[in-house]
Amino acid sequence: MRALGFDDPFDVLGWSDGANVALILASSHPDAVRRLCVWGGNSYVEKSDVDAYDAVRDVRQTWSKRMREERSEIFGGVDRLQEVNDRATDAWSASLEEGFGDVCLSALHRVTCETLVIHGSKDVICAEKHADYIADNVRNSKLVVFEKGKHNLHLQHADELNLVVGEFLVGGLDAVSDVSIQSHSTRARVKSSPPASEPDVGGIAYGFMASKALFVALRAGVYDSIAAATESTSTNSCSFEDIEKLSTVKGERLRTLLTANVALGLIRSSPSSLTDAYSLPEATRNQLCREGQHFWGDYLASQVEGQFYERMGNLDATMLLAEGSKEASDEGYEAWFDRDPAAAEQYTRAQHNGSLATAFGLLKKLGESGSGELGPQTQRMLDVGGGSGAFCIAAARKLPSLEEAVVLDLPNVAKVARHIIAEEESPGVADKIRCVGLSARTDPTSVSLTQAPPTIRGHYQTEAGSIRANSTL
């Protein structure tokens, strides 16, 4: 296109294998493609796909007369058409056996332009799962399904397809909706993603793997390596070799680690000539690079990976073993703090400064909003899961009306919180705050959240919102 003089970004439409080529084009040259429309494509193949191709191998027996005659004229006779189709079918089979079925999987997450994915629900060559997968993995996309469409839906439903594609090319994805489609009497519908309120089950189940890729890259200095390698470049990108020189991970292990982080969006990759050029999103540069303005990588590594993972590994034992059994007691979070008071101290103190900043931010936000739930008139405060007491400390510093604040947390956490609160230098702050230790195994009748009387009245701010309490606990 550039050789032909088309320097400005252009729109690309691709069908079948052309859809796959179009996806690769858009991923390889993101600056060249303005909008992309694909139908009948597949980013991977599996056995059911190869079986579908094999089912239409014989062009004389399985192809329609119209299709066979049109293609025979193009390819120079039915015998030549059969030869080409045999080679194509064999190639798909070889792709599955030798290439793990990868057609253009790695291209999908690199496509940045607006992308309209179209599918014919009666397509026997390319199953709807392929359109779903492309739409799910191209970040800025929308899927339209033609209810009666087959693989060659651009021939069957040419006028209807042209209307939908035309609206997309003129107005972008926002112009394509069920309302606009139905206004043309088009037998198609926009296939929506699951509602935002629905849980991402796969993301939750595989989240462990994603975070491990982050932590390994953090420890190997991959983010710092990219930051250092791109510091003096005008493009803010660097090559694999540049990263390898600075990272403690080498070769294919590094390449695999980079690929995982690119898939997570923690690292960006775009082809430069024949190699990949890597760069960092702003959030990664700020939060995961040591020179970043908001670096908290050490906290993530020591607290989340170093401590949370170990504890959460015992969650099944804690939950599933008989209540009160020695095994359950030995595996619980509280038991961990009992066994290792130094860990409890480190864990609680590590979070304190960050929690203080969040607490002051919350107080400022609530003051600006004028909500009155936690503000100038607040006299008493209960912080459930209060950790180091940071939120109570912030409230005691900023709210002169506050008479009493209670930090409620695990006994060993409350013990450390008492030490932290006692170190508070602001006059009168420590005197207003009490720490109460409580766990799932504590007898609730043995714990009082108030000095006297045992009735709590007023407003209490929790993560879930404000509680107006006027009852006896």
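Every number here is computed from the coordinates shown, using simple stated rules; none is lab data. None of these values were measured; they are calculated from a predicted model. So basically every Cβ, Gly included, is an ideal-geometry build from the backbone, and we count neighbours across all protein chains shown.
Okay, here's what the table says:
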| read-out | value |
| --- | --- |
| Residues Gln379 and Glu46, FRET efficiency given R0 of 60 Å [Cβ-Cβ distance, rounded to 0.05] | 0.40 |
| Virtual spin-label span in nm between Asp159 and Asp200, 7 Å along Cα→Cβ | 4.2 |
| Estimated inter-spin distance, Leu320 and Arg253, nm [label 7 Å along Cα→Cβ] | 3.2 |
| Cα-projected label distance for Val56 with Ser401, points at 7 Å along beta-carbon direction, nm | 7.3 |
| Contact order normalised by residue count of segment 197-283, Cα under 8 Å, 6+ apart, percent | 29 |
| Paired Rg and Dmax values of segment 1-119, which use every Cα atom, in angstrom | 16.6, 46 |
| Volume of the Cα convex hull of segment 64-108, divided per residue and given in Å³ | 100 |
| Net length gained if the chain between Val21 and Glu73 were fully extended (0.36 nm per residue, minus Cα distance) | 16.3 nm |
| Two-site FRET efficiency, Lys148 against Ala422, from Cβ-Cβ distance with R₀ of 56 Å, rounded to 0.05 | 0.15 |
| Per-pair calculated FRET efficiency, R0 = 45 Å: Arg290 and Ala94 via Cβ, rounded to 0.05 | 0.45 |
| Order by protection proxy (mean Cβ within 10 Å, highest first), peptides 386-395, 12-21, 33-42 | 386-395, 33-42, 12-21 |
| Rg(Cα)/(2.2 N^0.38 Å) for segment 372-440, N = residue count | 1.03 |
| Shape box of segment 111-174 [Cα atoms, principal axes, largest first, Å] | 29, 25, 14 |
